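Comments concern the structure below.
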Amino acid sequence: MANTASARKRIRQNERRRERNVSRMSRVRTFVKKVETAILSGDKQAANEAFRAAQPEMQRAVGKGVLAANTVSRKLSRLSARIKALASA
């Protein structure tokens with residue numbers, strides 16, 4: 001256990017940040033799941049709307065340091081490609 005006041009404070013701060021980050025990641029996963037559900041249903045318009053809603057949420061996670069920029073870029077690119085493939089299918 002922490003012995004100094006500053007170490008105890010750091011533990012409290014880390015716990016608060018961890019809870020915030022867990023919440024942010026949960027939101028991101030929810031938005032991505034909505035996009036994937038729309039893609040699987042084959043509804044391109046619904047998939048596009050869900051994708052447009054998910055994009056800022058994922059970028060916000062990058063800004064807050066929860067996800068790496070390249071990770072979000074890769075995920076958005078792959079989701080976009082899957083939505084575009086719906087048109088030709």
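Given the structure, is residue 40 crowded, with 16+ Cβ neighbours inside 10 Å and of a type outside the set (Ser, Thr, Tyr)? Explain how you work it out, then say what you get.
Working: crowded, with 16+ Cβ neighbours inside 10 Å: no; of a type outside the set (Ser, Thr, Tyr): yes.
When the stated conditions are applied, residue 40 does not pass them.
Need the failing condition index for residue 67 against (1) assigned to a helix (DSSP H, G or I); (2) within 18 Å of residue 78 (Cβ to Cβ), just the number.
(1)
Values quoted throughout were computed directly from the atomic coordinates according to the rules given, and no laboratory measurement underlies them. Keep in mind it's a predicted model, so treat the numbers as computed, not measured. Please note: Cβ atoms are built from the backbone with ideal geometry, for glycine as well, and neighbour counts cover all protein chains shown.
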